[in-house]
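Enquirer: Below you'll find the structure I mean.
Please treat every number below as a calculation from the coordinates, not as lab data. Worth saying up front: this structure is predicted, and the values here are computed from it rather than measured. Cβ placement follows ideal geometry from the backbone for every residue including glycine, while neighbour counts extend to all protein chains displayed.
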Amino acid sequence: MTRPNAEPQTDPWRVPVIVAQIPDTGLHREIEASSREREAMAEVAGVREVVSAKASFDVSPKSGGRVHVTGNVRARIGQTCVVTLDPVESEIDEEIDLMFAPEAEVRRLADLIEEGQDSDDAAEAVPEPPEAIIAGVIDLGRLATDALFLGIDPYPRKPGAVFEAQVTAHDPEDHPFAALKALQDKPKRK
């Protein structure tokens, strides 16, 4: 997932957690999107509707100002079958496991990773930098929305729906040179 903390006006579901207020023992959050938030998510995602959207998160502080966020997002969305154009509903169940760090550290780590990719040791697996903590806040609503959007099937099908292309038999006389052949077969006038 990228950009879990974007501009407020673009995020239909916002549940900010102030990093400085996270206790040393961590915290647990159960969140559920309101009908207005679900309508906005459906519009952004381009789906018929978001019937329900819930998430469960565990937020744990780590050394160096880092924060580990794990959780699960569950949603039910209404889409349109790509074969029959009938309405279909899909279940989404996505796991989340992300590390967050202060912006300065994220930039530093991204630069180090980029330098490492320029070396000849490209065969080694390069770790992903952590997500940035923007203005001291982690937005759990944005995380849940991103996970929900990633879980949407771009080509939903109604159970049992199968696309069958219409096959039409081609007339052997219907080809680009049929008109020339017809002229050739015409009796010549004298």
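Enquirer: Add +1 for every Lys or Arg and -1 for every Asp or Glu among the other residues with Cβ under 10 Å from the Cβ of residue 14, and state the total.
Expert: With Lys, Arg at +1 and Asp, Glu at -1, the net is -2.
Enquirer: Counting only other residues whose beta carbon sits under 13 Å from that of residue 82, what net charge do I get with K and R as +1, D and E as -1?
Expert: +1
Enquirer: Report, in debye and to the nearest 20, how large the dipole of the range 11-94 comes out about its Cα centre when Lys and Arg carry +1 and Asp and Glu carry -1 on their Cβ.
Expert: About 300 debye.
Enquirer: Please give the net charge around residue 60, taking every other residue with its beta carbon less than 13 angstrom from that of residue 60, where Lys and Arg add +1 and Asp and Glu add -1.
Expert: Charge balance near residue 60 sits at 0.
Enquirer: List 60, 34 from most exposed to least, where exposure is judged by having the fewest other Cβ atoms within 10 Å.
Expert: Starting with the residue having the fewest Cβ neighbours, the order is 34, 60.
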